[in-house]
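**Student:** Can you keep this structure in mind? I'll have questions shortly.
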């Protein structure tokens, strides 16, 4: 029998006052506390919050792909 895997994707949003990279890392770290077998991510949207003419927060929308466990 072949070893085919089945994956699922979810969408999450991470944020950071430091950078988009930090927003991605925050999102993946937090998601990893409840989602197992994460394999990949895809950034689908990047936006930010401006306060007094400066970037206050970066916000990144990600799709996370993870393997479903065999039953």
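Just so it is clear, none of the values below were taken in a lab; they were calculated from the coordinates. As the structure is a prediction and not an experimental result, all values here were calculated from the model. Note that each Cβ is placed from the backbone with ideal geometry, even for glycine, and that neighbours are counted across all protein chains shown.
**Student:** If we scan the range 34-49, do we find a residue that is without any contact (Cβ under 8 Å) to a residue 12 or more places away in the chain and in a strand (DSSP E or B)?
**Tutor:** In the first step, residues of the range 34-49 are kept if they are without any contact (Cβ under 8 Å) to a residue 12 or more places away in the chain; the result is 34, 48-49.
Retained after the next criterion (residues that are in a strand (DSSP E or B)): 48-49.
The answer is yes, given that some residue of the range 34-49 is without any contact (Cβ under 8 Å) to a residue 12 or more places away in the chain and in a strand (DSSP E or B).
**Student:** Here are some residues: 57, 30. Which one is in contact with a strand residue (DSSP E or B) (Cβ under 8 Å, 6 or more places away or on another chain), surrounded by 10 or more Cβ atoms within 10 Å (Cβ to Cβ) and part of a strand (DSSP E or B)?
**Tutor:** Numbers: 30 fails: part of a strand (DSSP E or B).
57 is the lone residue from the list that is in contact with a strand residue (DSSP E or B) (Cβ under 8 Å, 6 or more places away or on another chain), surrounded by 10 or more Cβ atoms within 10 Å (Cβ to Cβ) and part of a strand (DSSP E or B).
**Student:** So is residue 67 in contact (Cβ under 8 Å) with a residue 60 or more places away in the chain and surrounded by fewer than 12 Cβ atoms within 10 Å (Cβ to Cβ) or not? Before the answer, list the steps.
**Tutor:** Values: in contact (Cβ under 8 Å) with a residue 60 or more places away in the chain: yes; surrounded by fewer than 12 Cβ atoms within 10 Å (Cβ to Cβ): no.
Spelling it out, it is not the case that residue 67 is in contact (Cβ under 8 Å) with a residue 60 or more places away in the chain and surrounded by fewer than 12 Cβ atoms within 10 Å (Cβ to Cβ).
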